[in-house]
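Participant: Sharing a structure here in structure tokens format.
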There are 2 protein chains.
Amino acid sequence: MEAAQRTISVLGSTGSIGTQTLDVLSRLGPPYQLRWITCNTRWQDLAAQVERFKPYGVAIRDADAYTAFKQATSFSGPILCGEEGLSQAAADPENDVVMSAMVGFSGVVPTMHAIRAGHQVGLANKETLVSAGQIMLPAVEQFGATLLAVDSEHSAILQCMVGERTADIDRFIITASGGPFRTTPAADLERVTAAQALKHPNWSMGAKITIDSATLMNKGFEVMEARWLFDLEPDRIDVIVHPQSIIHSMVEFIDGSVKAQMGVPTMLVPIQYALTFPHRAELDVPRMDLAALGQLTFEPADQDRFPCLRLAYEALREGGSAGCVLNAANEVAVQAFLERKILFTRIPTIIEETLSHMEHLSHPSLDAIVELDQESREFASTLTLRP
Amino acid sequence: MEAAQRTISVLGSTGSIGTQTLDVLSRLGPPYQLRWITCNTRWQDLAAQVERFKPYGVAIRDADAYTAFKQATSFSGPILCGEEGLSQAAADPENDVVMSAMVGFSGVVPTMHAIRAGHQVGLANKETLVSAGQIMLPAVEQFGATLLAVDSEHSAILQCMVGERTADIDRFIITASGGPFRTTPAADLERVTAAQALKHPNWSMGAKITIDSATLMNKGFEVMEARWLFDLEPDRIDVIVHPQSIIHSMVEFIDGSVKAQMGVPTMLVPIQYALTFPHRAELDVPRMDLAALGQLTFEPADQDRFPCLRLAYEALREGGSAGCVLNAANEVAVQAFLERKILFTRIPTIIEETLSHMEHLSHPSLDAIVELDQESREFASTLTLRP
């Protein structure tokens, strides 16, 4: 347990990671003080969280939801609105830790405000680094912020890295469950449904990230994220399929030694670790029992059946604005798949076509990224009109 | 690579760990200077090492071997004799790191001299802690020494511990290959031969330690060693059988997170790590390839078929002089088994009978330990007269 008080704000508190973060905070108890919670449209969930967790203030991105919240609740703290409101909550100098748990590209700007304020930022929003890693990391350095990934894979790498020198790293080995279609033949992937794709074998997550797990784009994002979080070249970041999701990722060092972080799959561990880092606190989660499991299995990741993984590596090698376009096209394609507008196998082709079509910027500014994100979405949307 | 020069002495340089240490040192190159090398009887091997590795001096425990070495070689550096000579080499103030790689109880006194001199001690000799852990650890603290285990299991724990707080540890999980008789039914263990026992599935080691692996006493010793190296209660140190020996051991933390250290089985990694600690250096060893391996398997350790493991836990819970008696009786019984004097299944019964017979000292001195070791050997020897 930490003796010193830590003030935490949770951006995207009504999502999957956000709600779990509030649970972890309430279990950690008094040294952890909740400052801001924020949402996009789910103002009723936010109102319930206000009742239960007593934050200092709230921010609501959607204007209608903001109005509805103000009318329906008697919350007496500050109530902010829009992206500006979220950014203001993120930048609040009272914050020690900002948990950035918004879904998709919408997390980029508020997260950047938390970084510019020099906070410790727990990043559950991988699109932020995928889209804007190249401009975000210099800001982390410039403003003395600390960026901690909250997904299980990067938390695993971070846990394996404490006490080690960056110079001693040889390679990251990121594990992938393989998703619900790990053993589905290539020919059958065209016919898989959104309902099938949403049945993830090991992790309970939001819809968008669950589809990204099914295409392995999620793993591609994690490779990109690892590249920026730990400043390691793409060719030194490998992906291996490990269906049990017990090993959450590994670091291989220059002496051939490999460190792995393991455990029963639960987001509670990486969430709490981002809050207690670099220390730990008691956490009541099921314990790993390898003798009962009997075995852990591994297989190569198949970039032919899952071209999203290949596209992510390609975008990372290309650098510049490619990550932003990849992410924007993916968000549009996944949404279209969830709405039954396109086939599962159209997701990678929409991304590839968007990447080919959009202008490539080697050193985009944040404004250029925001604009390119919008343009990429518009172009990708035109591609979703045929199944 | 280290920029600063490090001066290393290797006690037991002609043994399995000793020769590998010299190989690692020669590959690490100039910053690492070899000071003393020592042997018991193998003076000819020592003479060859003198030629190749150019140490400052040598120490030879056996008086006849000492005389033979002096007569046969023209080595111009200091040549010391007897346990006193080894202890003098161990205590040399020029040493930065002393690698304690002698076999069995003979390592205790020289290792203690290295500790009292405040050196960083790489401990490949597990009998030292098994016999004298309770008196050795306070000395480590008193004289500001650093004790690093060189076997793969404790090196794994050490690697998982860097950057972590001791207070955050919940449990150690030490892996065991299971040895050559992992799947041998209890009824067949009586008839196994020394030749069968010497065929270890994964590790190439000395004869004594290979038999200890076959009985799982080696694992029991490692539990005892972990208890003293990291000051964790016996009931928080588990053993799990993992036949592939890829995971070398694990640490479970209070938040349910587990860190494991992995790699292709080779002693070169823990040996080099003890020399370069807390950093790492390039090492040309085969790299782990989990996708090619396909699976890692795990099963509970069977204390009924392998009573030596149970006896080690019991001796550890009893504390005081029990570890010394356990170790002495085990050395005698293993030697008798290697000489075909007793059956494999007599090893644990000889140890158990010796433990029951010998006096128990709660807080023995080093002198009392040395004396009890001798008495335990004598008593255990009488038990080897029947098969």
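Participant: For the stretch A:283-360, give me every one of the helices (runs of 4 or more DSSP H) that falls completely inside it and has 1 or more residues that are open to solvent by 10 Å² or more (accessible area, probe 1.4 Å) and either closer than 17 Å to A:Gly179 by Cβ or modelled with pLDDT under 95 (or both).
Facilitator: A:307-318, A:322-338, A:346-357
Participant: Anything in the stretch A:266-278 that is surrounded by 16 or more Cβ atoms within 10 Å (Cβ to Cβ) and of a type outside the set (S, T, N, Q)? List them, or say none. Spell out the reasoning first.
Facilitator: The first filter runs over the stretch A:266-278 and keeps only residues surrounded by 16 or more Cβ atoms within 10 Å (Cβ to Cβ), leaving A:266-277.
Answer for the stretch A:266-278, where residues must be surrounded by 16 or more Cβ atoms within 10 Å (Cβ to Cβ) and of a type outside the set (S, T, N, Q): A:Met267, A:Leu268, A:Val269, A:Pro270, A:Ile271, A:Tyr273, A:Ala274, A:Leu275, A:Phe277.
Participant: Also, I was wondering about something else. So which residues in the stretch A:123-147 are among the basic types (Lys, Arg) and either within 14 Å of chain B (Cβ to nearest Cβ) or over 14 Å from A:Leu229 (Cβ atoms) (or both)?
Facilitator: Matches in the stretch A:123-147: none.
Participant: Sticking with this one: Which ranges mark the strands (runs of 3 or more DSSP E) fully within the stretch B:189-270 that have 3 or more residues being among the β-branched types (Val, Ile, Thr)? Before you say what the answer is, go through the steps one by one.
Facilitator: Values: elements: B:237-241, B:247-253, B:258-262.
Correct list: B:237-241.
Participant: Moving on. Which numbered condition trips up A:Ile211, out of (1) crowded, with 22+ Cβ neighbours inside 10 Å; (2) within 20 Å of A:Ala101 (Cα to Cα); (3) at pLDDT 95 or above; (4) of a type in the set (A, V, I, L, M)?
Facilitator: Every condition holds for A:Ile211 apart from (3).
Participant: Return yes or no: is B:Leu198 more than 14 Å from every other protein chain (Cβ to nearest Cβ) and open to solvent by 10 Å² or more (accessible area, probe 1.4 Å)?
Facilitator: Answer is yes for this residue.
Participant: Here's another thing I want to ask about it. May I ask you to list the residues in the stretch A:167-190 that are under 20 Å from A:Val239 (Cα atoms), of a type outside the set (D, E, K, R) and within 13 Å of chain B (Cβ to nearest Cβ)?
Facilitator: Answer for the stretch A:167-190, where residues must be under 20 Å from A:Val239 (Cα atoms), of a type outside the set (D, E, K, R) and within 13 Å of chain B (Cβ to nearest Cβ): A:Ile169, A:Ile173, A:Ile174, A:Thr175, A:Ala176, A:Gly178.
Participant: Just checking, how many residues over the stretch A:257-271 are closer than 16 Å to A:Thr297 by Cβ and at the interface with another protein chain (Cβ under 9 Å from one of its Cβ atoms)? It would help to see each step written out before you state the result.
Facilitator: First pass over the stretch A:257-271, keeping only residues closer than 16 Å to A:Thr297 by Cβ: A:260, A:262, A:265.
Then drop every residue that is not at the interface with another protein chain (Cβ under 9 Å from one of its Cβ atoms), which leaves A:260, A:262.
Qualifying residue count for the region: 2.
Participant: If B:Ala274 satisfies every condition in (1) more than 24 Å from B:Ser9 (Cα to Cα); (2) more than 7 Å from every other protein chain (Cβ to nearest Cβ); (3) touching a strand residue (DSSP E or B) at 6+ places or on another chain (Cβ under 6 Å) but one, which is the exception?
Facilitator: Just one mismatch for B:Ala274, condition (1).
Participant: Now for a different question. From A:Gly263, A:Gly179, A:Gly220, grab the single residue that is open to solvent by less than 10 Å² (accessible area, probe 1.4 Å), within 30 Å of A:Ala291 (Cβ to Cβ), under 18 Å from the mean Cα position of the chain (by Cα) and not polar (S, T, N, Q).
Facilitator: A:Gly179
Participant: Read through the list (1) surrounded by fewer than 22 Cβ atoms within 10 Å (Cβ to Cβ); (2) within 14 Å of another protein chain (Cβ to nearest Cβ); (3) within 18 Å of B:Ala301 (Cβ to Cβ), then give the number of the only condition that B:Ile254 fails.
Facilitator: (3)
Participant: For the condition more than 21 Å from B:Gly323 (Cβ to Cβ) and either of a type in the set (Asp, Glu) or not assigned by TED's automatic domain parsing to the domain that holds B:Pro110 (or both), what is the one hit in B:Ala214, B:Ala176, B:Ala226, B:Ala186?
Facilitator: Details: B:Ala214 fails: more than 21 Å from B:Gly323 (Cβ to Cβ); B:Ala176 fails: more than 21 Å from B:Gly323 (Cβ to Cβ); B:Ala226 fails: more than 21 Å from B:Gly323 (Cβ to Cβ).
Unique residue meeting the criteria: B:Ala186.
Participant: Can you name the residue in the stretch A:226-246 that is surrounded by 20 or more Cβ atoms within 10 Å (Cβ to Cβ) and under 30 Å from A:Ile115 (Cα atoms) and, of all such residues, is nearest to the other protein chains (Cβ to nearest Cβ)?
Facilitator: Only one residue fits best here, namely A:Val239.
Participant: Further, regarding this structure: Could you grab me the full set of residues in the stretch A:279-297 that are facing another protein chain (nearest Cβ under 7 Å) and touching a residue at least 60 places away in the same chain (Cβ under 8 Å)?
Facilitator: A:His279, A:Ala281, A:Glu282, A:Leu283
Participant: Here's a follow-up. Condition check: of a type in the set (A, V, I, L, M), in contact with a strand residue (DSSP E or B) (Cβ under 7 Å, 6 or more places away or on another chain) and away from every other protein chain (no Cβ under 12 Å). Does B:Val150 satisfy that?
Facilitator: Working: of a type in the set (A, V, I, L, M): yes; in contact with a strand residue (DSSP E or B) (Cβ under 7 Å, 6 or more places away or on another chain): yes; away from every other protein chain (no Cβ under 12 Å): yes.
It is true that B:Val150 is of a type in the set (A, V, I, L, M), in contact with a strand residue (DSSP E or B) (Cβ under 7 Å, 6 or more places away or on another chain) and away from every other protein chain (no Cβ under 12 Å).
Participant: Would you check if A:Met102 is touching a residue at least 12 places away in the same chain (Cβ under 8 Å) and more than 26 Å from A:Ala47 (Cα to Cα)?
Facilitator: no
Participant: Which residues, counting only those in the stretch A:153-166, are facing another protein chain (nearest Cβ under 9 Å) and either of a type in the set (D, E, K, R) or in contact (Cβ under 8 Å) with a residue 12 or more places away in the chain (or both)? Before the answer, list the steps.
Facilitator: Within the stretch A:153-166, the first condition is being facing another protein chain (nearest Cβ under 9 Å), and the residues that meet it are A:155-156, A:159-165.
Correct list: A:Ser155, A:Ala156, A:Gln159, A:Cys160, A:Met161, A:Val162, A:Glu164, A:Arg165.
The values are calculated or read from the model by the stated rules, or taken from the named source; none is laboratory data. As the structure is a computational prediction, the values presented were derived from the model and not from experiment. Backbone-built Cβ (ideal geometry, glycine too); neighbour counts: all protein chains shown. Heavy atoms of the whole protein, side chains included, go into the accessibility calculation; ligands, DNA and RNA do not. Shrake-Rupley method; radii C 1.70, N 1.55, O 1.52, S 1.80 Å.
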